[in-house]
Amino acid sequence: MGKILLGISSSIAIYKACELVRELKKTGHEVKVVMTPFSERFISRLTFHTLSGNKAYVDWEDDPLLHINLPRWSDLFLIAPCSINTLSKIAMGIGDNLLTTCALSHKGLLMLAPAGNVEMYKNPVAQEHLQKLKERGVIIVEPEEGKLVCEEEGQGKLASIKRLLDWVEWGLRPKPLKGYRVLITAGATREFIDKVRFISNLSTGLMGLSLARVLRWYGAEVKVIAGYTSVEEPPEVEIHKVVSAQDMYQKVLELFDWAHMVIMNSAVSDYKPASFYEGKLKKQESLTLHLVKNPDILSELGKIKKDKILVGFALEEEERLLQEGLRKLKEKNLDLLVANPLQMMGSEEYRAVLLFKDNTKEELYASSKLLGAELLVKKLLEKLLKLPLQSLPRA
Ligand code: CTP
């Protein structure tokens, strides 16, 4: 878990910073807050002191080296909300309060999440400063479009808490996968019988989408092909929505050349109705559905994979997890088969046996799918890409 220095400058979006501190703490991070004097007109330091469990600073008080010590203590310096005034001062190297002086002495990763009126944000001077900051390696978490507190519409809303939290996790991880492209399929496919009915399965897409998040944290470029999903989509990841197994197959083939690694996590329907009724089928005494086989996408990819890394999943009854997993690993020509026990379905926790092409196997357990996804990514790095994490620097 990380040590987060959270800078807060004056914007009405400051009310979201309270929740941000709370969520960072809940995730297990340590948070120290440094505020601009003007921002205290909105919310007092006592609120941030209470939420973070650490003293919140507006000025140097009795430590003349606070502007050195706070950044040195931190793993990451995030300023959210960052007013246009504060970002412009940082771009020009002005240190006229504790927060901007901390930004001057900070050597590590700096992230700014601007918030402000759309005209202020679009102002050419502000844009020039943003450009300059980006060129210097500062991460700008772009504001979102929508209705602003000033009643105007446009880009200026502080990034959502979810996005900010995701960027913090990104900032705390090394980037061994920089330049590495991963294609992931997630969620359930749907095979329509008529215009309103379909065959599908219980997949929520949580594991596939969690893998996408975590792979981005480690620097990979990620594209997701998603069937139906019922969990929140990961921020900053390109998502291609598809419906049926056939749609998914086509999209996978389209993006296959782009990828270095393909992870087939989607629960693909093995069958589809032989015909589709253009309308709504009327009720009758009995109905027989004639199903035909869908392509096995993973098997087809196994035939054309060449030097790409191919990862498959299998959901199996505990008793035949290994036997079936090994069969699928070989038959589908995979580098890794992640075998999940059926008994895990519907539970929070994550359990899997990883079966590698070199005949080794590893068991994996985590208390959540997100933590499971991170353990899995670490195994991919170590065993398939031969990148030991201990030797890697942070972002
Ligand atoms: N898969 C696929 N195309 C299909 C069915 C499955 O690409 N038509 C992929 C899944 O994304 C998963 C892996 O194959 O990565 C295993 O899926 P699973 O349904 O467990 O196995 P099947 O090969 O379909 O075999 P069975 O249903 O008999 O267990």
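Yes/no matrix, rows are residues, columns are (1) closer than 24 Å to V141 by Cα; (2) part of a loop (DSSP other than H, G, I, E, B); (3) in contact with an Asp or Glu (Cβ under 7 Å, 6 or more places away or on another chain); (4) in contact (Cβ under 8 Å) with a residue 24 or more places away in the chain:
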position	(1), (2), (3), (4)
W167	yes, no, no, yes
K175	yes, yes, no, yes
G179	yes, yes, no, yes
V196	no, yes, no, yes
L202	no, yes, no, yes
M207	no, no, no, yes
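Take the residues in segment 312-328 that are more than 8 Å from the ligand (Cβ to nearest atom) and crowded, with 21+ Cβ neighbours inside 10 Å, then tell me which one is nearest to A186 (Cα to Cα). This residue is G325.
Cβ-Cβ contacts under 8 Å between residues 6 or more apart (or on different chains), taken from a first residue in segment 134-161 that is among the aliphatic types (A, V, I, L, M) to a second residue that is assigned to a helix (DSSP H, G or I) and at pLDDT below 90, are listed as L148/V118.
Report yes if D257 is of a type in the set (D, E, K, R) and within 16 Å of the ligand (Cβ to nearest atom), otherwise no.
no
Every test in (1) surrounded by 14 or more Cβ atoms within 10 Å (Cβ to Cβ); (2) in contact with a helix residue (DSSP H, G or I) (Cβ under 9 Å, 6 or more places away or on another chain) is passed by P273 save one, and that test is (2).
If you go through segment 234-252 and keep only what is in a helix (DSSP H, G or I) and without any contact (Cβ under 8 Å) to a residue 24 or more places away in the chain, you end up with just Q250. Could we say that V31 is in the same structural domain as K157 (by TED's automatic domain parsing), of a type in the set (V, I, T), touching a residue at least 24 places away in the same chain (Cβ under 8 Å) and within 14 Å of L70 (Cβ to Cβ) here? In short, yes. Taken across segment 42-49, residues that are of a type in the set (S, T, N, Q) and assigned to a loop (DSSP other than H, G, I, E, B) do occur, with at least one present.
Of the residues making up segment 339-391, those that are of a type in the set (D, E) and closer than 22 Å to L326 by Cα are D358, E362, E363, E382. Among all residues of segment 276-283, there is none that is farther than 27 Å from E382 by Cβ and either surrounded by 22 or more Cβ atoms within 10 Å (Cβ to Cβ) or within 15 Å of the ligand (Cβ to nearest atom) (or both). Taking segment 274-380 as the region of interest, the helices (runs of 4 or more DSSP H) fully inside it that hold 1 or more residues being in contact (Cβ under 8 Å) with a residue 40 or more places away in the chain are 297-304, 369-379. Mind counting the residues in segment 115-127 that are under 15 Å from L158 (Cβ atoms) and out of contact with any helix residue (DSSP H, G or I) (no Cβ under 6 Å at 6 or more places or on another chain)? Total meeting the criteria: 4. Does at least one position in segment 176-188 carry a residue that is in the same structural domain as K378 (by TED's automatic domain parsing), surrounded by fewer than 20 Cβ atoms within 10 Å (Cβ to Cβ), in contact with a Ser or Thr (Cβ under 9 Å, 6 or more places away or on another chain) and under 26 Å from S160 (Cβ atoms)? Checking segment 176-188: not a single residue is in the same structural domain as K378 (by TED's automatic domain parsing), surrounded by fewer than 20 Cβ atoms within 10 Å (Cβ to Cβ), in contact with a Ser or Thr (Cβ under 9 Å, 6 or more places away or on another chain) and under 26 Å from S160 (Cβ atoms).
Counting the residues of segment 329-357 that are away from the ligand (no atom under 11 Å from the Cβ) and either of a type in the set (A, V, I, L, M, F, W, C) or more than 16 Å from G302 (Cβ to Cβ) (or both) gives 15.
Looking at this structure, is V231 on the phi < 0 side of the Ramachandran plot, within 14 Å of the ligand (Cβ to nearest atom), β-branched (V, I, T) and not in a strand (DSSP E or B)? No.
The values are calculated or read from the model by the stated rules, or taken from the named source; none is laboratory data. Just so it is clear, the model here is predicted, and its values are computed rather than measured. Virtual Cβ from ideal backbone geometry, glycine too; neighbours counted across all protein chains shown.
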